[in-house]
Amino acid sequence: MAIRFKKTKKWFHVGNMTKKVKKSSFEGSGLSISQHPKEWSRIARLSGDLYTVHKENPLLLDFHKLSKRDKTNIFEWGVERGYLVKGFKWVFTYIDEDDEMYREFLSYEDWLMDRGYDEEDAEDQEDLNEDKESLKKVKAFLGTTKLFEAECWDREHSPSMAETFCILRYADEMLGVDGVFWNDILDVYRYSAPRAVIFQSKLPEWTIQLVDEPTMSR
């Protein structure tokens, strides 16, 4: 598995380091960090203190550098560990402001409910049949309770989040790295920014210091 790593030393965290209960986060159960704290605080709607987070030689798995084969191997590992099960998902594709978007559903019934359709209502049939053309049932890896509890996630159990969290578990348990890095495009208006997470098991190896600045908020 040809895995690439990010070695940036200095990061920032926005929040409250005294909190003992971890809230649900798209970065999992670790400490969320960024090199763009002001932009990230706006995107994630964060408030709290600003901290510098530093380690001399950190290793962060570069999420977007993982190949399709890398991910498949990790997901198969997740099935063996009880983090994932094989199943199906329903993917609905649509256009939003000229961009092609998609949403995932765990069942056809969930999609119907989200769209507000009643299959027995004749008035819905034309729109329903048209939307069905953009709906596909595909094979997927689905997350187990074990996985979502490990990552402190109490929101919707989407297949995409399950795959992300499985990669986090693999990196933490099998690679021994400090965390995972997402090299996303910096665009506040599209809720996107580079970000990373440090695993709880590696936090004692990092130096975390409060920055002498006013409290950050939206």
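The values are calculated or read from the model by the stated rules, or taken from the named source; none is laboratory data. Note that this is a predicted model, so its numbers are computed, not measured. Cβ: placed from backbone, ideal geometry, glycine included. Neighbour counts: every protein chain shown. Quick note on the areas: whole protein, heavy atoms, side chains included, nothing else; ligands and nucleic acids left out. Shrake-Rupley method; radii C 1.70, N 1.55, O 1.52, S 1.80 Å.
Descriptive notes on the structure:
- Which numbered condition V79 misses (of (1) surrounded by fewer than 17 Cβ atoms within 10 Å (Cβ to Cβ); (2) modelled with pLDDT under 95): (2)
- Filter pass, Y102 being in a strand (DSSP E or B), farther than 30 Å from E205 by Cα, out of contact with any helix residue (DSSP H, G or I) (no Cβ under 9 Å at 6 or more places or on another chain) and not aliphatic (A, V, I, L, M): yes
- Scanning the stretch 116-160 for residues that are of a type in the set (F, W, Y) and assigned to a helix (DSSP H, G or I) returns a single hit, F148.
- For beta carbons closer than 9 Å, sequence separation of 6+ or different chains, a first residue in the stretch 145-169 that is within 11 Å of F26 (Cβ to Cβ) and a second that is assigned to a helix (DSSP H, G or I) and of a type in the set (K, R), the qualifying pairs are E151/R169.
- Qualifying residue in the stretch 172-194 (condition: of a type in the set (S, T, N, Q) and in contact with a Pro (Cβ under 9 Å, 6 or more places away or on another chain)): yes
- Flag if S107 is modelled with pLDDT under 95 and within 19 Å of the chain's Cα centre (by Cα): no
- Residues in the stretch 142-196 that are charged (D, E, K, R) and open to solvent by 60 Å² or more (accessible area, probe 1.4 Å): K146, E149, D154, R155, E156, E173, R190.
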